[in-house]
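Notes to accompany the following structure.
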Amino acid sequence: QLVESGGGLVQAGGSLRLSCEASGGTSSNCGMGWFRQAPGKGREFVAGISWSGSKTEYADSVKGRSTISRDNAKNTAYLQMNSLNSEDTAVYYCAAVESRSLIVRRDAGRYDYWGQGTQVTVSS
């Protein structure tokens, strides 16, 4: 089970750190990803990290102002987002794929487990 936290209401230009804790098992053998879905839009890839943490990838829309990381000892992945703007408003989902590959998956269909999502709202 994946549980996201850290969402909320933030002013434009502000920052948030989202957390994703895996319970009932270990996520250390899983690649992790963050996706988001804005109203009326499809689910899009935001960032991903390999099981070891050695590889990361970002969507162009967040590259340079976001950092994905993980702490396998805590079974937790994080997404630090800075310089938030209104286009970042969405429900953010954490996902896990059982893979020790160093390839970071961008396709939501490749992920095995999903959290319930956490709302991020950026006010202008």
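Annotations for the structure displayed:
- Enumeration of residues in segment 67-100 that are assigned to a loop (DSSP other than H, G, I, E, B) and open to solvent by 30 Å² or more (accessible area, probe 1.4 Å): N75, N82, S83, N85, T89, R100
Yes/no per residue for (1) more than 11 Å from the chain's Cα centre (by Cα); (2) at pLDDT 95 or above:
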residue	(1), (2)
Q1	yes, no
G13	yes, yes
L16	yes, yes
S28	yes, no
Q37	yes, yes
A77	no, yes
Q80	no, yes
S86	yes, yes
A96	no, yes
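- Filter pass, W114 being of a type in the set (F, W, Y), in contact (Cβ under 8 Å) with a residue 60 or more places away in the chain, out of contact with any Lys or Arg (no Cβ under 8 Å at 6 or more places or on another chain) and under 20 Å from L9 (Cβ atoms): no
- Of the residues making up segment 44-66, just one is farther than 12 Å from V104 by Cα, touching a residue at least 24 places away in the same chain (Cβ under 8 Å) and buried (at least 21 other Cβ atoms within 10 Å of the Cβ), namely V62.
- The set of residues in segment 101-123 that are outside any loop (DSSP other than H, G, I, E, B), within 18 Å of S19 (Cβ to Cβ) and open to solvent by less than 40 Å² (accessible area, probe 1.4 Å) comprises T118, V120.
- Qualifying residue in segment 106-124 (condition: out of contact with any strand residue (DSSP E or B) (no Cβ under 7 Å at 6 or more places or on another chain), modelled with pLDDT of 95 or more and of a type outside the set (S, T, N, Q)): yes
- Scanning segment 1-15 for residues that are open to solvent by less than 30 Å² (accessible area, probe 1.4 Å) and either β-branched (V, I, T) or out of contact with any Ser or Thr (no Cβ under 9 Å at 6 or more places or on another chain) (or both) gives a single hit, V10.
- All positions within segment 1-49 that are more than 18 Å from G117 (Cβ to Cβ), of a type in the set (G, A, S) and part of a loop (DSSP other than H, G, I, E, B): A12, G13, G14, S15, G24, G25, S28
The values are calculated or read from the model by the stated rules, or taken from the named source; none is laboratory data. Keep in mind that this is a model prediction, so the values were computed, not measured. Here the Cβ is made from the backbone with ideal geometry for all residues, glycine too, and neighbour counts use every protein chain on show. Calculation scope for accessible area: heavy atoms of the full protein, side chains included, ligands and nucleic acids excluded. Shrake-Rupley method; radii C 1.70, N 1.55, O 1.52, S 1.80 Å.
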